[in-house]
Amino acid sequence: MAPPSADTVLLDKLTPEITQLTLNRPDKLNAMNEELVTRLYERCDEIENDAECRVVILTGAGRGFCAGLDLTGFGSAPRQNGWGGPAAGLAVQQHIAGLIPRLRALRQPVIAAVNGPCAGGGLALALASDVRECSESARFNVAFVRIGLSGCDVGVSWLLPRLIGASRATEMMLTGRLISAAEADKYGLVSEVVPDGETVNSALNVASQIVANSPFGVWMTKEVAWANREIGSLQAGIDLENRTQILSSYSADQQEAVSAFLQKRPPEYKRK
């Protein structure tokens, strides 16, 4: 159990190219308070400025991933400017919800290693990740509707239907019921279910496969994959893909990948 003064989001370099972020309030199932949310923003800034980092693994300390909002008290949002009432509430809401586009904006893919309860805002963090691996004991739920709020919060009503379909997503948002790891796998919410204690190792295996590809190619794949969830038509999506492929074809990464393939050797991508 972490002492009160411990860092609420730990950063560990598993390899020069793979960084692990660990939500670190295990006594609270890593529930979100102002300190944890702000620290996660700061860690994203650190990762963005790390030229070596290629993939991020996001997990939770202890027996859970993230139980969502800390109902015993969140704290005030930065730059709240002494507001009260609805303005203060909106500042807090925007501070939390802004984490979702922040993770999406990272050039590095994010792999959520879900190691237990994953609820509310914790579910949103998992949905905002690019890949989700989970343990057999993982449990998912929307949670917001269970505490008298709308089930549509911090990006969940946009992200969840795109991952598992509108009917199942709406049922989850209306009921707030717990989804087992087996159901999550069946629905396509996660890529793989692994034994308890193996989620980070499983995520590390996926991360290593990503790192084997070119840095620029991976960056562009993440960017276009997200953009095409938001785009209005097939042709617009293809137009974006076309331009990105031509852009990628002029990169040193692509030239090195082709040379390595022809020479039957591992590629050696230069640090950016």
message = Return the residues of the range 135-152 that are open to solvent by 30 Å² or more (accessible area, probe 1.4 Å), in contact (Cβ under 8 Å) with a residue 40 or more places away in the chain and under 20 Å from Ile96 (Cβ atoms); say none if nothing qualifies.
response = Ile147
task = Determine if the range 230-251 includes at least one residue that is closer than 22 Å to Ile18 by Cβ and not in a loop (DSSP other than H, G, I, E, B).
result = no
Failed item, numbered, when Thr22 is tested on (1) open to solvent by 20 Å² or more (accessible area, probe 1.4 Å); (2) within 11 Å of Leu10 (Cα to Cα); (3) not in a helix (DSSP H, G or I); (4) not aromatic (Phe, Trp, Tyr) = (1)
request  = Within the range 231-259, work out how many residues are touching a Phe, Trp or Tyr at 6+ places or on another chain (Cβ under 9 Å) and either farther than 21 Å from Arg54 by Cβ or surrounded by 14 or more Cβ atoms within 10 Å (Cβ to Cβ) (or both).
outcome  = 6
note = Per the filter on the range 117-150, residues modelled with pLDDT under 95, over 20 Å from Arg168 (Cα atoms) and small (Gly, Ala, Ser) are Gly148
message = For the range 226-272, give me each residue that is under 22 Å from Ala128 (Cα atoms), among the hydrophobic types (A, V, I, L, M, F, W, C) and without any contact (Cβ under 8 Å) to a residue 60 or more places away in the chain.
response = Ala227, Ile231, Leu240
query = Looking only at residues in the range 81-91 that are open to solvent by 30 Å² or more (accessible area, probe 1.4 Å) and within 26 Å of the chain's Cα centre (by Cα), which one is modelled with the highest pLDDT?
reply = Leu90
ask   = Restricting the search to the range 172-189, which residues are within 19 Å of Gly148 (Cβ to Cβ) and either charged (D, E, K, R) or at pLDDT below 95 (or both)?
value = Arg177
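The values are calculated or read from the model by the stated rules, or taken from the named source; none is laboratory data. All values reported here derive from a predicted model rather than from experimental measurement. All Cβ positions, even for glycine, are placed from backbone atoms using ideal geometry, and neighbour counts span all protein chains on display. What goes into the accessible areas is simple: the full protein's heavy atoms, side chains included, and nothing from ligands, DNA or RNA. Shrake-Rupley method; radii C 1.70, N 1.55, O 1.52, S 1.80 Å.
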